[in-house]
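This report refers to the structure that appears directly beneath it.
The values are calculated or read from the model by the stated rules, or taken from the named source; none is laboratory data. Remember, it's a predicted structure, so these values are computed and weren't measured experimentally. Every residue, glycine as well, gets a Cβ built from its backbone with ideal geometry; the counts of neighbours run over all protein chains shown. Please note that ligands, DNA and RNA were not included when accessible areas were found on the heavy atoms of the full protein model with its side chains. Shrake-Rupley method; radii C 1.70, N 1.55, O 1.52, S 1.80 Å.
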Amino acid sequence: EAPGTELGRLSTSLNAMLAHIEVAFQARMASEARMRRFISDASHELRTPLVTIRGFSELYRHGALAKPEDVATAMGRIESEAKRMGAMVEDLLTLARLDEQRPLTLKPLDLLPIGHDAVVDMRATAPDRTVRLVGLDRDTPAPAPTLGDEARIRQVVGNIVGNALQYTPPGSPLEVAVGTRGAGPQAVAVLELRDHGPGIGEKDAAKIFERFYRADSSRTRDTGGTGLGLAIVAAIVGSHHGTVRHHDTPGGGSTFVIELPYVVLPERPAEPPSGAD
Ligand code: ADP
């Protein structure tokens, strides 16, 4: 073979290799940039309650809180800001664990009891509301079998339910829907949470799954959240190769849709006859 051809081939594979390295390098840079931004956002978010706590304790120490009710107000603020920091640290730890991308313990998962438990929990915590478990369309709930880490999927549902209770007016109804969408290998197991609250505007809807993002209304009303609940939802569902999205509930409100891939579970092998030698 002519050395020229050999050289040409070598150069082609070298170029291909360089292109691969370039892509990997860019991905690495992007992921490091994301991580830096995350750390800087986290520090900023933790600093805010800290400043409040320090401010009130200094006022107290300098005797600037004259009346007992001023002291009570200051202590109340210190307590709620400390609680918020605690919640944020918990959420940050959860996200850090998910970022490590340790393999999940995936087991056969049925979304029906999870949807059912969500309904029972909501009825207990918000007795003023009507909460219903419904099929995806009209059919009875029968979600496709899927694989998942049950505790984590329950956390996903808990975060979305917590938001629904927090951001919608007392007494407004809620629905949990479970079922299967699509057919064959494209089928997905679905769990939906529908509320009839204020909904999420288009501008915010594009961002609510981002870390620390809170719609202005939540910031100004200060509902005490961390802005990490839906980021955790997205990370967990992503680690299951599933999707989560938000759309408007017909007639107004928010619907969160979680889809997990349909998994054909292998038949269990027949038990070997016991005691046979
Ligand atoms: P947090 O609730 O701690 O602020 P999340 O990540 O759970 O953070 O939610 C992000 C934002 O999305 C909230 O601050 C709120 O503005 C908005 N949001 C979430 N769920 C709902 C809902 N069911 N109805 C209206 N707004 C919602």
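The table for this structure:
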| read-out | value |
| --- | --- |
| Counted residues, the stretch 191-211 - those being closer than 25 Å to E81 by Cβ and either more than 8 Å from the ligand (Cβ to nearest atom) or open to solvent by 20 Å² or more (accessible area, probe 1.4 Å) (or both) | 4 |
| Breaking point among (1) assigned to a helix (DSSP H, G or I); (2) open to solvent by 90 Å² or more (accessible area, probe 1.4 Å), for R102 | (1) |
| Check on A64, outside any helix (DSSP H, G or I), of a type in the set (A, V, I, L, M) and either touching a Ser or Thr at 6+ places or on another chain (Cβ under 8 Å) or modelled with pLDDT of 90 or more (or both) | yes |
| Residue in the stretch 72-85 that is out of contact with any Gly (no Cβ under 6 Å at 6 or more places or on another chain), free of Cβ contacts under 8 Å to residues at least 24 places away in the same chain and surrounded by 14 or more Cβ atoms within 10 Å (Cβ to Cβ) present | yes |
| Matching residues, the stretch 121-141, being over 25 Å from S239 (Cβ atoms) and open to solvent by 60 Å² or more (accessible area, probe 1.4 Å) | R123, A124, T125, P127, D128, T130, R132, D137, R138, D139, T140 |
| Single unsatisfied condition, V188 versus (1) surrounded by fewer than 18 Cβ atoms within 10 Å (Cβ to Cβ); (2) closer than 24 Å to A235 by Cβ | (1) |
| Selection within the stretch 1-39 - in a helix (DSSP H, G or I), farther than 30 Å from A231 by Cβ, modelled with pLDDT under 90 and of a type in the set (D, E, K, R) | E6 |
| Within the stretch 167-190, considering residues that are under 17 Å from G242 (Cα atoms) and of a type in the set (S, T, N, Q), the one farthest from the ligand (Cβ to nearest atom) | Q186 |
| Within the stretch 142-152, considering residues that are open to solvent by less than 40 Å² (accessible area, probe 1.4 Å) and over 22 Å from F209 (Cβ atoms), the one modelled with the highest pLDDT | A144 |
| Meets criteria (farther than 20 Å from V157 by Cβ, of a type outside the set (A, V, I, L, M, F, W, C) and open to solvent by 20 Å² or more (accessible area, probe 1.4 Å)) for G251 | yes |
| Residue tally, condition away from the ligand (no atom under 15 Å from the Cβ) and touching a Phe, Trp or Tyr at 6+ places or on another chain (Cβ under 9 Å), over the stretch 234-260 | 0 |
| Test: D117 is in contact (Cβ under 8 Å) with a residue 24 or more places away in the chain, more than 25 Å from R211 (Cα to Cα) and within 19 Å of the chain's Cα centre (by Cα) | yes |
| Test: residue in the stretch 153-176 that is open to solvent by 60 Å² or more (accessible area, probe 1.4 Å), within 22 Å of A234 (Cα to Cα) and not charged (D, E, K, R) | yes |
| Filter result (modelled with pLDDT of 90 or more, farther than 22 Å from G162 by Cβ and out of contact with any Leu (no Cβ under 7 Å at 6 or more places or on another chain)) within the stretch 108-141 | D110 |
| Matching option when the condition is open to solvent by less than 80 Å² (accessible area, probe 1.4 Å) and either among the small types (G, A, S) or farther than 22 Å from L193 by Cβ (or both), among L109, L92 | L92 |
| Subset of the stretch 110-131 (residues that are over 27 Å from L147 (Cα atoms), of a type in the set (A, V, I, L, M) and out of contact with any helix residue (DSSP H, G or I) (no Cβ under 9 Å at 6 or more places or on another chain)) | A124 |
| Failed condition for L98, given (1) modelled with pLDDT under 90; (2) farther than 28 Å from L165 by Cβ | (2) |
